[in-house]
1. Filter segment 1-42 for residues that are of a type in the set (Ser, Thr, Tyr) and modelled with pLDDT under 95; which is farthest from the chain's Cα centre (by Cα)?
2. Can you name the number of the only condition in (1) at pLDDT 95 or above; (2) of a type outside the set (Gly, Ala, Ser); (3) more than 23 Å from ASN96 (Cβ to Cβ); (4) surrounded by fewer than 13 Cβ atoms within 10 Å (Cβ to Cβ) that ARG54 fails?
3. Out of curiosity, is LEU67 exposed (fewer than 13 other Cβ atoms within 10 Å of the Cβ) and assigned to a helix (DSSP H, G or I)?
4. So LEU60 fits all but one of (1) at pLDDT 95 or above; (2) within 14 Å of the chain's Cα centre (by Cα); (3) exposed (fewer than 11 other Cβ atoms within 10 Å of the Cβ); what number is the exception?
5. Considering every residue within segment 89-103, establish whether at least one is modelled with pLDDT under 95, assigned to a helix (DSSP H, G or I) and crowded, with 18+ Cβ neighbours inside 10 Å.
6. Can you tell me which residues in segment 1-60 are acidic (Asp, Glu) and not in a helix (DSSP H, G or I)?
7. So which residues in segment 30-64 are out of contact with any helix residue (DSSP H, G or I) (no Cβ under 7 Å at 6 or more places or on another chain) and touching a residue at least 40 places away in the same chain (Cβ under 8 Å), if there are any at all?
Amino acid sequence: MRSYVEAATRHDNVTRTARLLERIVPDARLHARFVNTLARMEYVGVRKMLKSRRAERLDLDGIQHILDEAVHTLRLKKAAAALDAGAGAVRTFATNDTLAGDSDAIAASAAASGAGEP
């Protein structure tokens, strides 16, 4: 396991992710939209679980898993709203309230802050 973790920390994606977060986190609106995007992903997971499970096969563990994912959605949504500080940028999971495909907003934020390319 140790060798796996060490290899994972040396992967190119670690550097790319760090650079991406360095662009997103300083911009409060982008940060809120990023966390809202994570909440949306949890929400989509909940919807998929609910739609794919037949009532005849839904046991206590399955219901607990759905509930856990819904709680993740709620906590992330609340965090996004707190980061947004009432600006209204993350009211829903619509495209404008998330970073769904919005690389232009991240690039614009990076340009405004003087950051380089990812």
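The values are calculated or read from the model by the stated rules, or taken from the named source; none is laboratory data. Values in this document were obtained by computation on a predicted structure and should not be read as measured data. Positions of Cβ are backbone-derived with ideal geometry, glycine not excepted, and every protein chain shown enters the neighbour counts.
1. That would be SER3.
2. Failing condition for ARG54: (1).
3. Details: exposed (fewer than 13 other Cβ atoms within 10 Å of the Cβ): yes; assigned to a helix (DSSP H, G or I): yes.
Yes; evaluated as a whole, the condition is true for this residue.
4. Tallying (1) at pLDDT 95 or above; (2) within 14 Å of the chain's Cα centre (by Cα); (3) exposed (fewer than 11 other Cβ atoms within 10 Å of the Cβ), LEU60 fails exactly one: (2).
5. Yes.
6. Within segment 1-60, ASP27, ASP59 qualify.
7. Here is the first cut: in segment 30-64, the ones out of contact with any helix residue (DSSP H, G or I) (no Cβ under 7 Å at 6 or more places or on another chain) are 37, 40-41, 44, 47-48, 51-52, 54-64.
Within segment 30-64, THR37, ARG40 qualify.
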